[in-house]
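See below for the structure under consideration.
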Amino acid sequence: MSEEVKPESVSLYPASAAATPEQETVCIFGTGDLGRSLGQRLLQSGYRLVYGSRRPHSCGPVPPGAQVMSHEVAAQSASLVFVCVQREHYDFLETLAPQLNGKVLVDVSNNLKKNMYPEANAEYLQKLIPGAHVVKAFNTLSAWALQNGPSDANRQVYLCGNNPEAKQAVAVISTKLGFTVQDRGSLSAARELEDFPLQLFPEWRLPMRLTIGLTAFFFFYLLTRDVIYAYVDEGRDISFRIMMSLANKVFPSVSLILLSLCYLPGVIAGFFQLYRGTKYKRFPDWLDRWMLCRKQLGLIALALASLHVLYTLLIPISFFFILFHFQIKSNKTSPFDTTMAWRTDSYYAIGALGFGLYLLLGISSLPSVSNALSWREFSFIQSKLGYLTLFFCTFHTYLYGWDRFLYISQYKWYTPPGYMLCLVVPSLVLVLRLLLLLPCVDKSLSRIRQGWERTDPENDSKKSLLA
């Protein structure tokens, strides 16, 4: 004798398909792009699919093997229904409340902007049909991702709901479709999930603001020193250098600072742990946010370094090639300077090595590459080789400056050259990193990161007094 199914429970399979779970029937309301793509994936995963439509006989193309019925008939044929319609079309669902009672309703809708409605779409759907079990899921996936399968950048399904069995039913389907499930809790988290697709590069906001700020600062600083100074003090118009020469000074300056900012928070975190004597205390919020955007800072730095390389290759074509021909035509030559040759060759060689390591860091940060690396390999590339990259790029800039800092003519309007400003942060990072590598400091920091905690004498004395 079969046990009686409790009203609050959710049947994962309809009674007619209980003996063959691979043919579980799933219903989809809506035959738009998302509904068709989701249906195609469900059919490929072995599900029996029915569509509910207002116009069953003229709803447009559906995946081969699927059936199209009216909403009432389709709702009765499955225990799990995907609602692939927008919120403004939810009204018809109220009339289906008797057929949808006890069913799992998966709301996949999104809004055009945040706070369009007083409550989340899924919460509104739950109010319309209180007898159903509403689960918010699949709203962060596009029709393209559903049709072509999960990829490294789009393999997660976020879900939330009040009924554990309903969420489990949706999780099983998500897993069969090849996605990883992230449970975000109760249905009150639906608004957060609906805001996910509306976010525009949230992790990139701080790095982009920092990049724009640094770029603007160095551009106007160098514009004042190089172009405006030459026009005001010397009467020369060299404004043509803004497009190539000036830009080729801005890009490497900002790139080097951004690269150093990728490693500065790790150094600061090390000093925090040494000061506190433990790794179990949270870092300040500003340091947490800084550490979470290091990848974005590094990728922007790599992009600017690539522009620097490209501009360096183009500048001789646009300017120095013309100057060279002018010297030939004027019959002017310069004596060969061995010291300058050493400096120039070393400058380019170190720069090439630094850029090569730069590319290696960028490639290893790609999900498809990092997933193939062990944690030790990834840490070695991003940490050890990362600091080596910072050293080469900093040394490359020092070679560029050489002995120019000794000449008073370099300090136009009593301001230091741009390359001297961009060396401050990376030099500070390298010095602080060297301090952490001292044997006595490194040994203590390694013990702390392995779980050792330094005891506080004051706390120990207080505990003894209380005892």
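The values are calculated or read from the model by the stated rules, or taken from the named source; none is laboratory data. If you're wondering where the values come from, they're calculated on a predicted model, not measured in any experiment. Positions of Cβ are generated from backbone atoms using ideal geometry, with glycine treated the same way; all protein chains shown enter the neighbour counts. Please note that ligands, DNA and RNA were not included when accessible areas were found on the heavy atoms of the full protein model with its side chains. Shrake-Rupley method; radii C 1.70, N 1.55, O 1.52, S 1.80 Å.
The table that follows gives values for the structure above.
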{"read-out": "Magnitude of the charge dipole, the chain, Cβ model with Lys/Arg +1 and Asp/Glu -1, debye to 20", "value": "1200"}
{"read-out": "16 Å cut-off, amide nitrogen to a point 7 angstrom out along LYS113 Cα→Cβ, residues in segment 181-221", "value": "195, 198-200"}
{"read-out": "Relative contact order of segment 89-178, pairs being alpha-carbon contacts under 8 Å that are 6 or more residues apart, as %", "value": "28"}
{"read-out": "Backbone N under 12 Å from the CYS59 label point (7 Å along Cα→Cβ), restricted to segment 81-114", "value": "82-85"}
{"read-out": "Average accessible area per residue (Å²) across segment 359-433 - probe 1.4 Å, nucleic acids and ligands excluded", "value": "59"}
{"read-out": "Translational diffusion coefficient (Stokes-Einstein; Kirkwood radius from C-alpha pairs) of the chain at 25 °C, 0.890 mPa s, in µm²/s", "value": "88"}
{"read-out": "Entries of LYS114/LYS136; LYS384/LYS412; LYS136/LYS279 with Cα pairs more than 27 Å apart", "value": "LYS384/LYS412; LYS136/LYS279"}
{"read-out": "Calculated from backbone phi, Karplus (6.51, -1.76, 1.60) coupling profile of segment 267-280 in Hz, x at Gly/Pro", "value": "5, 4, 4, x, 5, 4, 5, 5, 5, 7, x, 7, 9, 9"}
{"read-out": "Spin-label model distance (nm) - CYS440 vs LEU373, 7 Å beyond Cα toward Cβ", "value": "3.4"}
{"read-out": "Fully extended contour minus Cα-Cα distance, from LEU359 to THR415, at 0.36 nm per residue", "value": "16.8 nm"}
{"read-out": "Proportion of all alpha-carbon pairs of segment 25-198 beyond 19 Å (%)", "value": "52"}
{"read-out": "Modelled label reach - LEU292, point 7 Å along Cα→Cβ, segment 262-281 residues with backbone N closer than 13 Å", "value": "none"}
{"read-out": "Percent carbon-and-sulfur accessible area, the chain, ignoring ligands, DNA and RNA, probe 1.4 Å", "value": "61"}
{"read-out": "The chain - mean residue ellipticity at 222 nm from DSSP helices (-39,500 (n - 2.57) per run, n ≥ 4, rounded to 500)", "value": "-16000 deg cm²/dmol"}
{"read-out": "Part-to-part distance (alpha-carbon centres) for segment 383-403 and segment 84-154, which is given in Å", "value": "53"}
{"read-out": "Charge-dipole axis of the chain as Lys and Arg at +1 and Asp and Glu at -1 on Cβ define it, positive-most pick from SER374, GLN126, MET69", "value": "SER374"}
{"read-out": "Long-range amide H partners of GLY185 with built H, under 5 Å", "value": "GLY161"}
{"read-out": "Distance in nm between pseudo-label sites at PHE240 and GLN182 (7 Å out along the Cβ direction from Cα)", "value": "5.3"}
{"read-out": "Range of Cα positions in segment 134-201 per principal axis (Å), largest first", "value": "30, 29, 16"}
{"read-out": "Counting DSSP beta bridges with both ends in the chain, the antiparallel % (nearest 5)", "value": "10"}
{"read-out": "Probe 1.4 Å, protein heavy atoms only - accessible area per residue of segment 25-198 in square angstrom", "value": "43"}
{"read-out": "Note, ³J(HN,Hα) from phi for segment 286-295, Karplus 6.51, -1.76, 1.60, rounded to Hz, x at Gly and Pro", "value": "5, 6, 4, 5, 5, 5, 6, 10, 5, 5"}
{"read-out": "J(HN,Hα) series, segment 406-411, from Karplus relation 6.51 cos²θ - 1.76 cosθ + 1.60, nearest Hz, glycine and proline x", "value": "7, 9, 5, 5, 6, 9"}
